[in-house]
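Down below is the structure, laid out as structure tokens.
The values are calculated or read from the model by the stated rules, or taken from the named source; none is laboratory data. Every value quoted in this text rests on a predicted model; they were computed, and no experiment measured them. Positions of Cβ are generated from backbone atoms using ideal geometry, with glycine treated the same way; all protein chains shown enter the neighbour counts. Each accessible area value is taken on the protein alone, full model and side chains, heavy atoms only, with ligands, DNA and RNA left out. Shrake-Rupley method; radii C 1.70, N 1.55, O 1.52, S 1.80 Å.
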Amino acid sequence: MPPSLKRLRQTIAIGMMRAARAANRSRLTRTVLGGRSIRRFPLVNRIYHMVFRVGVAAGDRDVKVHYRGIVLTGPAWDATIMPSISAGYYEEFEVRVFERLASVSRSIVDVGANIGVYACTGAVRLPRDGRLIAFEPVPENVAYLRRNVEGNELAGRVTVEEMAVGSAPGELTLHLSGEQSGKHSAAVANVGTPAGAVTVPMTSIDAYLDGSGLGPPDVIKIDVEGYEGFVLQGAAQTLASSPTLLFELHPELQANCGGDAGALLDLVFGRYRWVLLVDELDNVLRSCTRADLDAPGTIGLYRSNLVAIGRQEHLDAVRQWHGL
């Protein structure tokens, strides 16, 4: 295919995906669907991915895209993460917050690094002597993660660890998703379309840091499809130094993994003065109380990430998005 035609197809496809995203985020759509995504309808999801496959991936097994100053390669079969990365809007507000936190930090732990979106964007903004430890247990994701770290010349700042993270060292069985590379989970109920399972080695944050001789990190980012509470249970020593946390709150996913979102929140609010809800629709960080997060409608499609800040420099770094 001539390069000019390929670029035109990509431009049209990305325009269509961005238009679909804008429609999905509209007040009317959110009202009609009760705050849920229009992509929960299988036909809509198939059309969205077909546009990506034909227009952007062009039938290739891998797709390489530019995102926030880095180049990322990932699987074309992924129906959510790779399309949104290619269109430039994958978790864009969360990533901006993460980048800002990284810029005033020296060490970061990324639990559930996937193909390296946060690991690479964060590592680019770390100081020259900064370090990022990226944990990813799924072999296919790890291969892309290593490729992206090396392709962006970040091997000197990023250490890739091929293992899961939980409450204690051992093993974990992960159920693989046939829908997207970021939906693999410890609970089969969380993966959508199952695509097998894999048993992987597991560590805890405390055990890993003790064994490596590393000090506590400045930031911990966690995205593990419902296993977040177990990750923090295994970080009791590390949390004593109040690293800033960026993590997902999905009570249903956490319950499916045998966890308790309420206990997770109790742990966080018991240790952190500043807990902020990430509001993707308005691009703000909203200060919240423990009771706020129990109120119906507070957590939803575009409000499912929290930032727990333990350090003044981090609060100052993201000040433009909150009023504290």
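Pairs linking a residue in region 98-121 that is without any contact (Cβ under 8 Å) to a residue 60 or more places away in the chain to a residue that is among the charged types (D, E, K, R) and not in a helix (DSSP H, G or I), with Cβ atoms under 7 Å and 6 or more positions apart or on different chains, are A113/E136; A119/D110; T121/R68. Look at (1) assigned to a helix (DSSP H, G or I); (2) open to solvent by 50 Å² or more (accessible area, probe 1.4 Å) and you find that F98 fails only one, number (2).
Restricting attention to region 201-224 and to residues that are over 30 Å from Q312 (Cβ atoms) and assigned to a strand (DSSP E or B), the residue that is most open to solvent (accessible area, probe 1.4 Å) turns out to be P201. Residue count for region 225-244, restricted to those that are among the hydrophobic types (A, V, I, L, M, F, W, C), open to solvent by less than 30 Å² (accessible area, probe 1.4 Å) and either touching a residue at least 60 places away in the same chain (Cβ under 8 Å) or assigned to a helix (DSSP H, G or I) (or both): 3. Of all residues in region 14-22, at least one satisfies being open to solvent by 70 Å² or more (accessible area, probe 1.4 Å) and outside any loop (DSSP other than H, G, I, E, B). When region 274-303 is filtered for residues that are at pLDDT below 95 and of a type in the set (G, A, S), the ones remaining, listed by number, are A295, G297, G300. If you go through region 144-161 and keep only what is open to solvent by 20 Å² or more (accessible area, probe 1.4 Å), in contact (Cβ under 8 Å) with a residue 24 or more places away in the chain and not polar (S, T, N, Q), you end up with R147, G151, R157, V160, E161. The set of residues from region 248-278 being in contact (Cβ under 8 Å) with a residue 60 or more places away in the chain and either in contact with a Cys (Cβ under 7 Å, 6 or more places away or on another chain) or not in a helix (DSSP H, G or I) (or both) comprises C257, G258, V278. Filtered by the rule that a residue be over 11 Å from D110 (Cβ atoms), outside any loop (DSSP other than H, G, I, E, B) and touching a residue at least 60 places away in the same chain (Cβ under 8 Å), region 132-143 gives a lone residue, E140.
For region 162-185, which positions are open to solvent by less than 10 Å² (accessible area, probe 1.4 Å) and touching a Gly at 6+ places or on another chain (Cβ under 8 Å)? Of everything in region 162-185, those that are open to solvent by less than 10 Å² (accessible area, probe 1.4 Å) and touching a Gly at 6+ places or on another chain (Cβ under 8 Å) turn out to be V165, G166, S177, S181, S185. Among the hydrophobic types (A, V, I, L, M, F, W, C) and surrounded by fewer than 18 Cβ atoms within 10 Å (Cβ to Cβ): does that describe L72? Judged against the criteria, L72 is not a match.
Do the conditions hold for G262, that is, is it more than 17 Å from the chain's Cα centre (by Cα) and over 24 Å from E179 (Cα atoms)? Yes.
Residue under question is P83, and the condition is that it be in contact with a His (Cβ under 8 Å, 6 or more places away or on another chain) and either part of a loop (DSSP other than H, G, I, E, B) or in contact (Cβ under 8 Å) with a residue 24 or more places away in the chain (or both); does it hold? Considered against the rule, which asks whether it is in contact with a His (Cβ under 8 Å, 6 or more places away or on another chain) and either part of a loop (DSSP other than H, G, I, E, B) or in contact (Cβ under 8 Å) with a residue 24 or more places away in the chain (or both), P83 comes out as yes. Could you go through region 186-200 and let me know if any residue there is crowded, with 16+ Cβ neighbours inside 10 Å, at pLDDT 95 or above, assigned to a strand (DSSP E or B) and polar (S, T, N, Q). No, region 186-200 contains no residue that is crowded, with 16+ Cβ neighbours inside 10 Å, at pLDDT 95 or above, assigned to a strand (DSSP E or B) and polar (S, T, N, Q).
Checking each residue of region 276-289 against the condition of being surrounded by 15 or more Cβ atoms within 10 Å (Cβ to Cβ) and on the phi > 0 side of the Ramachandran plot gives no match.
Considering every residue within region 93-101, establish whether at least one is within 24 Å of S204 (Cα to Cα) and either of a type outside the set (D, E) or out of contact with any strand residue (DSSP E or B) (no Cβ under 7 Å at 6 or more places or on another chain) (or both). Checked against the condition, which is being within 24 Å of S204 (Cα to Cα) and either of a type outside the set (D, E) or out of contact with any strand residue (DSSP E or B) (no Cβ under 7 Å at 6 or more places or on another chain) (or both), region 93-101 yields at least one hit. For region 290-319, what are the residues that are open to solvent by 30 Å² or more (accessible area, probe 1.4 Å), touching a strand residue (DSSP E or B) at 6+ places or on another chain (Cβ under 8 Å) and over 21 Å from D223 (Cα atoms)? D292, R311, listed by residue number.
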